[in-house]
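Student: One structure, pasted below without further comment.
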Amino acid sequence: MTKRIFQSICLTALGVFFASVLLFMGVLYEHYTGVQRRQLRMQTELAAQGTANEGLGYFDGLDVQYYRITWIDKDGSVLYDSQSNFDGMENHLEREEVKEAVSEGLGESSRYSVTLMERAIYCAKSLPDGTILRLSMAQNTVLTLLLGMLQPICIIFGAALGLSLLMAYRLSKSIVKPLNKLDLDEPMKHEGYDELSPFFERIAIQQRKIRRQENELRQRKSEFEAVTMGMEEGIVLFNKKQIILAVNPAAARILHTDQTCVGKYLLSVNRSIKLQELLGRAGEGRYAEMKIDDGGRSYQFSASPVLSEGLVSGIVFLILDITEKEKSEQMRREFTANVSHELRTPLHTISGYAELLANDLVKPEDIKGFSGRIYEEARRMIRLVEDIMQLSRLDEGAADMNMETVDLFGIAQEVQDRLSKEAREAGVQFVLEGGPVSVYGIPQLLREMIYNLCDNGIKYNRRGGKVSIIVNQDESGAELIVSDNGIGIPKEHQERVFERFYRVDKSHSKEIGGTGLGLSIVKHAAKLNHAAIELHSIPNEGTTVSIYFPKTDKEAAGKEH
Ligand code: ADP
């Protein structure tokens, strides 16, 4: 802007200068020409008078420097010329001033030389004898006048140029300075330009509007962030050019990026072709979803286009971690398959024996044995169904059971009583050590846990073996340990024995009436009682299962349950 102001001022100054020079030259030239003409006419009158009186003698000794005198005869031939040899000069009657002098007594004219650098003015007067006397003098043209004045004009031009440059510089600076100093945040606090007040007022209004909109946007952004920040689901927003506008922490974690991805294309953040495909489909205005596995986890990506007037103005990605869901679905499928499998065997056995009995194909002495097998299989099915029902109750969080403060030692005593017969029959010594210990838990589940652990200790033992229950407590909480010196569990199975229907030796387990669900129930029940389990086992040496109950905190436990 400074440059333009500067240029305009300079150009105007120079324009004015040249116009003034032209005007001045024109006026000067006109004046000068008029003076010369009058002078020439006067001289012509005088010379005509002299020539009329004295004839050719008038020109003797006449020294004329600035004039040319020509005396022309009536027939146009030249009688005298002060500057050239007049013999043989062309006829002068046709000259404009001569013609005028012949007709009107006095004639004037002017003519340019070939170079246009010089102009001659002529004045002719007819004498009483019919001859004509003509005087002419050279007159400068405007061009020569200009050239003659070139030096002063150049000096003035230089001075004018310098002055106008200086003025232009200072003026343009002084015009722009207040504008440069203008604080656009406070446009009404300007100095100097009242004419621009409406403009500044408009800026101030716009500023207020922008600030208001900024605040609204900021508020909406923080609301959006607050909502999406703690979400488990990942959310990514894209604009219509598919550039990331926002990403919440969950999505950033899943896409292995951080907040720096905002403003970038998805491809520069994550190179997954599937994600590009998904984005592409949403970009075409279609809802799309896809399951993507990454780092051992499964995610469901849903891409929804945001449409405005039928055009895609943005895209929203919703990312759900479906690992647990998939796992539990898988477990449920396996569980169903296992249950059917587990039930099929006893049912086949029962139906086979029952068929034989119904068709009288069993010898009377075998009937007792057959009925006994049917009874055994039916018992096994009942145990299995009971365990399954118990597990599904635990899966639902044991909502029908309440927590209360119970004596762990008392429960252990009850279990010992219930299993003493089995222990005796198996030739296993069954002991209980410790004293009363209070824990806050669900009594039915605690009973079942201890029962299952002791039952396993007896079942997977040898004659002459031992199972002991130890109940004790310290400042951090209570502890219940069930240990045996039975067959033990090989290392590679130790992690999996808590899974449903997992058995180390399937046929042995079935033989001794195991369902494969005992330890799953223990694990689940421990979880609902906020207890931790630890298993130590050495094949052929024995197994120890420890259950830790953290310090009784009725309120905390009560709230959760
Ligand atoms: P089951 O009804 O078959 O006993 P569990 O879930 O109670 O089912 O146990 C799973 C498997 O873990 C058993 O089949 C057995 O192989 C093994 N197991 C459990 N407890 C013991 C133990 N105390 N000693 C040796 N093996 C055990």
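The values are calculated or read from the model by the stated rules, or taken from the named source; none is laboratory data. The shown structure was predicted, so the numbers you read here are calculated from the model rather than taken from an experiment. Here Cβ is always computed from backbone atoms with ideal geometry, including for glycine, and neighbour counts include all displayed protein chains. For the accessible areas, the whole protein counts, side chains as well, though only heavy atoms, and no ligand, DNA or RNA atoms are used. Shrake-Rupley method; radii C 1.70, N 1.55, O 1.52, S 1.80 Å.
Student: Is it fair to say E104 is modelled with pLDDT of 90 or more, open to solvent by 90 Å² or more (accessible area, probe 1.4 Å) and not small (G, A, S)? Steps first, please.
Tutor: On the way: modelled with pLDDT of 90 or more: yes; open to solvent by 90 Å² or more (accessible area, probe 1.4 Å): yes; not small (G, A, S): yes.
Spelling it out, E104 is indeed modelled with pLDDT of 90 or more, open to solvent by 90 Å² or more (accessible area, probe 1.4 Å) and not small (G, A, S).
Student: Go through region 393-406 and report how many residues are open to solvent by less than 60 Å² (accessible area, probe 1.4 Å) and assigned to a strand (DSSP E or B).
Tutor: Total meeting the criteria: 1.
Student: Does region 374-388 contain at least one residue that is out of contact with any Cys (no Cβ under 7 Å at 6 or more places or on another chain), in a strand (DSSP E or B) and either surrounded by fewer than 15 Cβ atoms within 10 Å (Cβ to Cβ) or modelled with pLDDT under 90 (or both)?
Tutor: no
Student: Would you mind stating whether Q206 is open to solvent by 40 Å² or more (accessible area, probe 1.4 Å), polar (S, T, N, Q) and more than 22 Å from Y299 (Cα to Cα)?
Tutor: Spelling it out, Q206 is indeed open to solvent by 40 Å² or more (accessible area, probe 1.4 Å), polar (S, T, N, Q) and more than 22 Å from Y299 (Cα to Cα).
Student: Continuing with this model, one more query. Is there any pair with a first residue in region 339-354 that is part of a helix (DSSP H, G or I) and a second that is open to solvent by 40 Å² or more (accessible area, probe 1.4 Å) and charged (D, E, K, R) whose Cβ atoms are under 6 Å apart and which are 6 or more apart or on different chains, and what are they?
Tutor: Listed pairs, sorted by first residue: P346/R380; Y353/R373.
Student: Would you check which residues across region 29-42 are open to solvent by 60 Å² or more (accessible area, probe 1.4 Å) and of a type outside the set (K, R) and list them?
Tutor: Selection gives E30, H31, Y32, Q39, M42.
Student: Residues being open to solvent by 60 Å² or more (accessible area, probe 1.4 Å) and more than 9 Å from the ligand (Cβ to nearest atom): count how many of those fall in region 475-508.
Tutor: The number of residues fulfilling the criteria is 7.
Student: Which condition number in (1) of a type in the set (A, V, I, L, M); (2) open to solvent by 40 Å² or more (accessible area, probe 1.4 Å); (3) touching a strand residue (DSSP E or B) at 6+ places or on another chain (Cβ under 8 Å) is the one that L343 fails?
Tutor: The one condition L343 does not meet is (3).
Student: Pull out all pairs, ordered by first then second residue, where Cβ-Cβ is under 7 Å, the residues are six or more apart or on different chains, the first lies in region 242-265 and is farther than 16 Å from E225 by Cβ, and the second is among the hydroxyl-bearing types (S, T, Y) and open to solvent by less than 50 Å² (accessible area, probe 1.4 Å).
Tutor: Matching pairs, first to second residue: I254/Y299.
Student: Condition first: free of Cβ contacts under 8 Å to residues at least 40 places away in the same chain and within 13 Å of the ligand (Cβ to nearest atom). Can you find one or more residues in region 387-408 that meet it?
Tutor: The answer is no; no qualifying residue exists.
Student: When you look at D321, is it touching a Ser or Thr at 6+ places or on another chain (Cβ under 8 Å) and either among the charged types (D, E, K, R) or open to solvent by 70 Å² or more (accessible area, probe 1.4 Å) (or both), yes or no?
Tutor: Working: touching a Ser or Thr at 6+ places or on another chain (Cβ under 8 Å): yes; either among the charged types (D, E, K, R) or open to solvent by 70 Å² or more (accessible area, probe 1.4 Å) (or both): yes.
Spelling it out, D321 is indeed touching a Ser or Thr at 6+ places or on another chain (Cβ under 8 Å) and either among the charged types (D, E, K, R) or open to solvent by 70 Å² or more (accessible area, probe 1.4 Å) (or both).
Student: Determine whether region 462-474 contains at least one residue that is near the ligand (Cβ under 7 Å from one of its atoms) and over 21 Å from D387 (Cα atoms).
Tutor: no
Student: If we only count strands (runs of 3 or more DSSP E) wholly inside region 417-508, which ones have 1 or more residues that are in contact (Cβ under 8 Å) with a residue 40 or more places away in the chain, of a type in the set (A, V, I, L, M) and out of contact with any Lys or Arg (no Cβ under 7 Å at 6 or more places or on another chain)? Working first, answer last.
Tutor: Working: elements: 429-434, 438-441, 466-474, 477-484.
Because the criterion is at least 1 residues that are in contact (Cβ under 8 Å) with a residue 40 or more places away in the chain, of a type in the set (A, V, I, L, M) and out of contact with any Lys or Arg (no Cβ under 7 Å at 6 or more places or on another chain), the strands (runs of 3 or more DSSP E) in region 417-508 that meet it are 438-441, 466-474, 477-484.
Student: Restricting attention to region 200-247, report how many residues are aliphatic (A, V, I, L, M), assigned to a helix (DSSP H, G or I) and within 28 Å of L279 (Cβ to Cβ).
Tutor: The number of residues fulfilling the criteria is 4.
Student: If the requirement is being hydrophobic (A, V, I, L, M, F, W, C), more than 23 Å from L56 (Cα to Cα) and touching a residue at least 24 places away in the same chain (Cβ under 8 Å), which of these qualifies: I72, I121?
Tutor: Working: I72 fails: more than 23 Å from L56 (Cα to Cα).
It is I121.
Student: Among the numbered conditions (1) open to solvent by less than 30 Å² (accessible area, probe 1.4 Å); (2) hydroxyl-bearing (S, T, Y); (3) under 30 Å from G516 (Cα atoms), tell me where Y299 comes up short.
Tutor: Y299 satisfies every listed condition except (3).
Student: Pull up region 419-457, narrow it to residues that are within 16 Å of the ligand (Cβ to nearest atom) and open to solvent by 40 Å² or more (accessible area, probe 1.4 Å), then point me to the one that is nearest to the chain's Cα centre (by Cα).
Tutor: Of everything passing the filter in region 419-457, E448 is nearest to the chain's Cα centre (by Cα).
Student: Can you report the number of residues in region 513-524 which are more than 8 Å from the ligand (Cβ to nearest atom) and either touching a Lys or Arg at 6+ places or on another chain (Cβ under 6 Å) or at pLDDT below 95 (or both)?
Tutor: Of the residues in that region, 1 qualify.
Student: Going through region 123-152 one residue at a time, which ones are at pLDDT 80 or above and buried (at least 17 other Cβ atoms within 10 Å of the Cβ)?
Tutor: Result: C123, A124, K125, S126, L127, T131, I132, L133, R134, L135, S136, M137.
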